[in-house]
Amino acid sequence: MNYKVNEIKISYKEQIRSPFWHIIGCSQDAANILFDQWNKNTIALQECFKVVLLNNSNKVKGILNLSQGGITGTLVDVRILFSVVLKSLSVAIILCHNHPSGKLKASEADIQLTDKIKKAAALLDIKVLDHLIIAPDGQYFSFSDNGLI
């Protein structure tokens, strides 16, 4: 009997050459890049979750817009997150979401999600360098700077 299955191909196309990638040296560098990429028309309206994809030199390979939610939250599917991290051959990531309210405090749900992602990343030898919470005015809270990572 002849069984047929779908073929899966994985590819990565570099559109911006690596010498031109931004380097992340601290949380402020990441916050500046992320805030610059955020839609200013919706940052105060709805929560979004983004992931900065990094190479081994902490150069930004790209930013994944993982989810867009409601006023007080957004869903994060860890499987989709890591499918993109693996496909892009990233070795480190920085997590980020906005708080439309402007409140720069990590909730218990934020802390639990970060821990869940860190544990999954560790299994894949991927580093979670930080998790930033960005406010509509550009201020931010860094899990790393505050000892939560």
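Computed packing ranks the peptides 106-119, 42-55 as 42-55, 106-119, most packed first, by mean other Cβ atoms within 10 Å. Annotation: per residue accessible area for the chain equals 62 Å², rounded to a whole number [probe 1.4 Å, protein chains only]. How big is Rg to Rh over the chain, alpha-carbon atoms, Rh as the Kirkwood inverse-mean-distance radius? Taking Rg over the Kirkwood Rh, I get 1.01.
For Leu66, the amide hydrogen comes within under 5 Å of the amide hydrogens of Phe49, Lys50, Val51, counting only partners 5 or more places away or on other chains and with H modelled in the peptide plane.
Computed over Cα pairs, the Kirkwood radius of the range 1-85 leads via Stokes-Einstein (1.567 mPa s, 4 °C) to a diffusion coefficient of 84 µm² per second. Number of Lys-Lys pairs in the range 60-118 with C-alpha atoms under 26 Å apart and a separation of 8 or more places or on different chains: 9. Highest average first, the peptides 136-148, 71-83 ordered by how many other beta carbon atoms sit within 10 Å of their residues are 136-148, 71-83.
The values are calculated or read from the model by the stated rules, or taken from the named source; none is laboratory data. Only a predicted model underlies this, so the values are computations on that prediction, with no experimental measurement involved. Cβ atoms come from the backbone with ideal geometry, glycine included; neighbour counts cover every protein chain shown. Ligands, DNA and RNA are stripped out before the accessible areas are found, and what is left, the full protein with its side chains, is counted by its heavy atoms. Shrake-Rupley method; radii C 1.70, N 1.55, O 1.52, S 1.80 Å.
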